[in-house]
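Here's the structure, in structure tokens; my notes come after.
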Amino acid sequence: MNYPSATYRIQLNSEFTFKQLAEIIDYLYALGISTIYAAPITMSRKNSSHGYDVIDPSVINPQIGTLEELRDLRTRLQRYGMNWLQDIVPNHMSLSSDNTRLMDVLERGSDSPYYNYFDIDWQHKEAAGKLWIPVLGNDWQDCLEAGEFRINFNEQKGFEFYYHDHHFPLAVSAIREMLSCMRETNTSQGLSFVIEDLMKGAQRKELATWKKHKEKYIGEISAQFIHDVQQALLIINKDKSKLNKILQAQPYLLTYWETSERQMNYRRFFAINDLICLRIEDKNVFEDYHAFFHFLYKEDLIQGVRLDHIDGLYHPLEYTKRLRKKMGDDCYIIVEKILEYNEDIASDWDIQGTSGYEFLSFSNRVLTDQEGAEKLRQFYHAFTLWNTSYGELVFQNKHNFLYSQMLGELDNLMDLLVSLGLTEQVTLEQRRIKKALGLFMSAFPIYRIYPFMFPIADEALQFVNKAYDVACDQDNTYKPELTFIRSLFHEDQPDKLENKMKFVMRLMQFTGPLAAKGVEDTTFYVYNPLISHNEVGDSPEELACTTAEFHEKMISRQVNNPFSLNGSSTHDTKRGEDARARLNVLSHLHHEWEGLVMQWHEENKKFTQTINNKRCPSLNDEYYIYQSLLGSFPENDKIDELFIERTKQFMLKALREAKVETSYTENNERYESSCLNFISSILDASHSYFHSFLPFLEKVNRYAAIYSLVQTVIKITAPGIPDIYQGSELWELSYVDPDNRRKVDYACRKQFLQETHRNSSEINWLKDRRKEGIEKLFVTTKLLHLRKDNPDIFIHGEYIPLAVYGKEGRCIAYLRKKGDETVLILLPIGFNVNEAGGFTTTWEDVFIKLPDGLSSKWRNVFTGHTKHLEGTVAVAEVFMDFPVGVYTSAS
């Protein structure tokens, strides 16, 4: 297998296409990248900025490019020895009229070969065999009476059902009903024959055959009977009784969008109505969905795949086995998997690793001072009057989301439990079992476990027991029902084991979405002691770790997970990696930060409002705003209208995601406006806020610039494969998406890289250009080429922590070693920086101990200088020339 040396994530869309990617391949090669890591490239909804709303997995999105352009890209990549890692989306597709597979289901119902392609409960007790599509702005009857429904004949697509901007194919079953109504209007016999022939053709299973047949009848109607059709539809659309009868004959029903919060008969991606999930566990669905990716792999156009949201799949182990068999042993396969801090990837999946969220947590915590972080937490609790434990907050947010947005899913799980006969010999009330199930799901401590047979592994049962304990603590009156739910995970009642496992595997498809929405997309906008840790893969519950704990994680990663990506910024992160570096510095400057926050709070009171006896913004949101501005303030220290607008749009999203004062479904416009006006007011350059904010930001940046370098070095040299998110080779200070998908200025980056190569020996020049991010770019390219030139050291080499001695300051020190080849990494944390941006003497009493048997001559990768390092080494000597130290053994 050809493992990547370093990946570069590209968000391909209509604004950045194959052609534009081709223009930067030489730059990426010069940077040191080995592998393009591409966002989804198959057909998605028009103008999609991300590509995860797939409408056809069998063709390339024409807004991105063509197959020939991809071939040309491959030729160009081969010249540089580069590869392609492709992001694919096996969990869901877009619920839209552009999704031809889904539209065939709506049109032909059970006659469609795609009838079981999507995760639809056709047996739902209240749906009468129809798929609910929640797009209406009111109840069905109200929309009907308001004249918002109509049937049209489209000369390209045939009969269609329109509701405002939404349009769907009129089902064959409805056309049959419509024909009966047309006959009452004296429709010509010839038109009747054509429509009857159409309905017979619907029984032909192959989609291509059906399309050909349908095109024939559309042509005949358009050429001979268009006037008759238009007249008949004019009458039908005015007759609400007839129109209703026709539309009700379809295998789908448009419903009021708000009912999706209470009733649902298809599995959604999280709680997003217009993303419908697949039954990828069905072998036919699997084969159809992956055929094009297999073609791309066999044609050597891609060399690996990244699997989006594997936690949504019914049987991930079986899926990964099928995919490995299909793609072959040499295909590099990683999965998007959000691991808790002490959780490991499933060892029985035939994959190379993860997309690297967990690495972000490891590097983030070691760059946060433990004592300072705890001081920040105490200050936050005092300033915001916070009195809720983090665990309680997480539980409540998950529980609230379940009952406000996923009640239909909870009902469906309860119905499944009953239909499988698992409650037959239980004397408990079903309503109480459902309530207990909601408690259990809300208490589940990780995204999910992966059982598929009994006995379930002890490691997995530990999480089940944890959920049971927390749920009992929340409401002990449901202990009998919770005990019953826990019993479903145990190997008793031999005649029930198969159905138990069916239920448990189905349940696990919903604990993940609940965790994502309750924690990442709610709690991470509510609990804000240090928001650099409100991040996918990390947690604000634990803000820091010791260097020893970090080393333990890295040793484990090298042994168990060495081929995973090391991500520090992604399309999913809440803020850019360098914004997090700035915020982590607050753990070292907490006294000064606390004083400034209190000062700003007093100065900015005049910009707050009181609405319904509530302060706007709340203390919590005010604190969140201050941190967000510190993290993402422009690197040139200048603000413009664009930054102010970006900040306001980010804050609007944060407020709605938090669901405390406002939300997406229930906008509190007065509160939102007051918060946005607060931002505009304090970002007025004439306001006193700036007189203290900018000097403090400058001080933070002196630390953060070094921490950003440290973070970069760790990402590239620690176990795992470094992933560079588009543009983040310079400062990455973005807010959450869509802000982090803004256009990247590659012309600037090309120029900077060329300048860096010309001036790489001028260390002072690099420091002078620090604000532009050139120092980070320099470190990145130097280390990426070091990896590329020494792949075995970093892919297969040992990770050896080095002991650090001394009272003042701290240092991360480790070796990467393979055979006689050794790389020494020394990184400052907890340092002091003077006003001129240089180091103070705090390193004088800090030492590392090098193992015996190593070379005594070491070459500094950044300066090119050779040093004699042997035995006990003074750290101050290492950091004399450059802020971070990476050395290769020199002969």
Exercise. List pairs: first in segment 120-148 and under 17 Å from Leu95 (Cβ atoms), second part of a loop (DSSP other than H, G, I, E, B) and basic (Lys, Arg), Cβ under 9 Å, 6+ apart or cross-chain?
Worked result: Ile120/Arg267; Ile120/Arg279; Asp121/Arg267; Trp122/Lys130; His124/Lys130
Problem set entry | Where a residue in segment 493-509 is over 16 Å from Ser419 (Cβ atoms) and its partner, wherever it lies, is open to solvent by 10 Å² or more (accessible area, probe 1.4 Å) and assigned to a helix (DSSP H, G or I), with Cβ under 9 Å and at least six apart | Gln493/Ser487
Seminar exercise, completed: For segment 295-336 the number of residues that are without any contact (Cβ under 8 Å) to a residue 60 or more places away in the chain, of a type outside the set (Asp, Glu) and open to solvent by 10 Å² or more (accessible area, probe 1.4 Å) is 9
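Which one of Glu491, Glu498 is closer than 28 Å to Trp349 by Cβ and modelled with pLDDT under 95? Talk me through it step by step, then tell me what you get.
On the way: Glu498 fails: modelled with pLDDT under 95.
Among Glu491, Glu498, only Glu491 is closer than 28 Å to Trp349 by Cβ and modelled with pLDDT under 95.
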For this session: Please enumerate the residues belonging to segment 289-316 that are under 19 Å from Trp349 (Cα atoms) and among the hydroxyl-bearing types (Ser, Thr, Tyr).
Result: Tyr314
For this session: Collect the residues in segment 180-227 that are among the β-branched types (Val, Ile, Thr), crowded, with 18+ Cβ neighbours inside 10 Å and not in a helix (DSSP H, G or I), keeping them in residue-number order.
Result: Thr187
Exercise. Does Phe161 qualify as being open to solvent by less than 10 Å² (accessible area, probe 1.4 Å), under 44 Å from the mean Cα position of the chain (by Cα) and either within 19 Å of Asp98 (Cα to Cα) or of a type in the set (D, E, K, R) (or both)?
Worked result: yes
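Does Trp349 fit the bill of being more than 23 Å from Leu317 (Cβ to Cβ) and aromatic (Phe, Trp, Tyr)?
Numbers: more than 23 Å from Leu317 (Cβ to Cβ): no; aromatic (Phe, Trp, Tyr): yes.
When the stated conditions are applied, Trp349 does not pass them.
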Exercise. Condition test on Asp521, is it farther than 19 Å from Ser363 by Cβ, under 16 Å from the mean Cα position of the chain (by Cα) and either among the acidic types (Asp, Glu) or surrounded by fewer than 21 Cβ atoms within 10 Å (Cβ to Cβ) (or both)?
Worked result: yes
Exercise. Just for strands (runs of 3 or more DSSP E) wholly inside segment 26-69: which have at least 1 residues that are of a type in the set (Phe, Trp, Tyr) and within 24 Å of the chain's Cα centre (by Cα)?
Worked result: 35-38
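Do we find that Leu596 is at pLDDT 95 or above, farther than 29 Å from Gly537 by Cα, more than 27 Å from the chain's Cα centre (by Cα) and aliphatic (A, V, I, L, M) in this structure? Reasoning before the result, please.
Numbers: at pLDDT 95 or above: yes; farther than 29 Å from Gly537 by Cα: yes; more than 27 Å from the chain's Cα centre (by Cα): yes; aliphatic (A, V, I, L, M): yes.
For Leu596, the condition - at pLDDT 95 or above, farther than 29 Å from Gly537 by Cα, more than 27 Å from the chain's Cα centre (by Cα) and aliphatic (A, V, I, L, M) - is met.
Only residues that are more than 19 Å from Lys776 (Cα to Cα), open to solvent by 60 Å² or more (accessible area, probe 1.4 Å) and under 41 Å from the mean Cα position of the chain (by Cα): list them for segment 850-884, please. Can you show your working first?
Step one: filter segment 850-884 for residues more than 19 Å from Lys776 (Cα to Cα), giving 850-859, 865-877.
Cutting the leftovers down to open to solvent by 60 Å² or more (accessible area, probe 1.4 Å) gives us 852-853, 857, 859, 865-866, 868, 870, 872, 877.
Answer for segment 850-884, where residues must be more than 19 Å from Lys776 (Cα to Cα), open to solvent by 60 Å² or more (accessible area, probe 1.4 Å) and under 41 Å from the mean Cα position of the chain (by Cα): just Arg859.
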Problem set entry | Those residues of segment 324-379 which are part of a loop (DSSP other than H, G, I, E, B), of a type outside the set (Phe, Trp, Tyr) and under 21 Å from Tyr527 (Cβ atoms), in sequence order | Ile338, Leu339, Glu340, Asn342, Glu343, Leu367, Thr368, Asp369
Exercise. Would you pick out the residues in segment 482-513 that are part of a helix (DSSP H, G or I), open to solvent by 10 Å² or more (accessible area, probe 1.4 Å) and not aliphatic (A, V, I, L, M)?
Worked result: Thr483, Phe484, Arg486, Ser487, Pro494, Asp495, Lys496, Glu498, Asn499, Lys502, Arg506, Phe510
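Each row is one residue, and each column tells you yes or no for (1) over 25 Å from the mean Cα position of the chain (by Cα); (2) modelled with pLDDT under 95.
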| residue | (1), (2) |
| --- | --- |
| Glu657 | no, no |
| Arg670 | yes, no |
| Asn677 | yes, no |
| Ser681 | yes, no |
| Phe690 | yes, yes |
Problem set entry | Inter-residue pairs, beta-carbon under 9 Å, first modelled with pLDDT of 90 or more and in segment 868-885, second open to solvent by less than 10 Å² (accessible area, probe 1.4 Å) and acidic (Asp, Glu), 6+ apart | Pro883/Glu775
Exercise. Can you name the condition, by its number, that Val366 falls short on among (1) open to solvent by less than 10 Å² (accessible area, probe 1.4 Å); (2) out of contact with any Phe, Trp or Tyr (no Cβ under 6 Å at 6 or more places or on another chain); (3) β-branched (Val, Ile, Thr); (4) in contact (Cβ under 8 Å) with a residue 60 or more places away in the chain?
Worked result: (2)
Seminar exercise, completed: Phe463 passes all but one of the listed conditions (1) touching a helix residue (DSSP H, G or I) at 6+ places or on another chain (Cβ under 9 Å); (2) crowded, with 19+ Cβ neighbours inside 10 Å; the exception is number (1)
Exercise. So which of Glu459, Glu481 ends up being farther than 22 Å from Lys398 by Cα and of a type outside the set (Val, Ile, Thr)?
Worked result: Glu459
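The values are calculated or read from the model by the stated rules, or taken from the named source; none is laboratory data. Predicted model only: the values in this text are computed from it and were never measured. So basically every Cβ, Gly included, is an ideal-geometry build from the backbone, and we count neighbours across all protein chains shown. Surface accessibility is based on the protein's heavy atoms, side chains included, excluding ligands, DNA and RNA. Shrake-Rupley method; radii C 1.70, N 1.55, O 1.52, S 1.80 Å.
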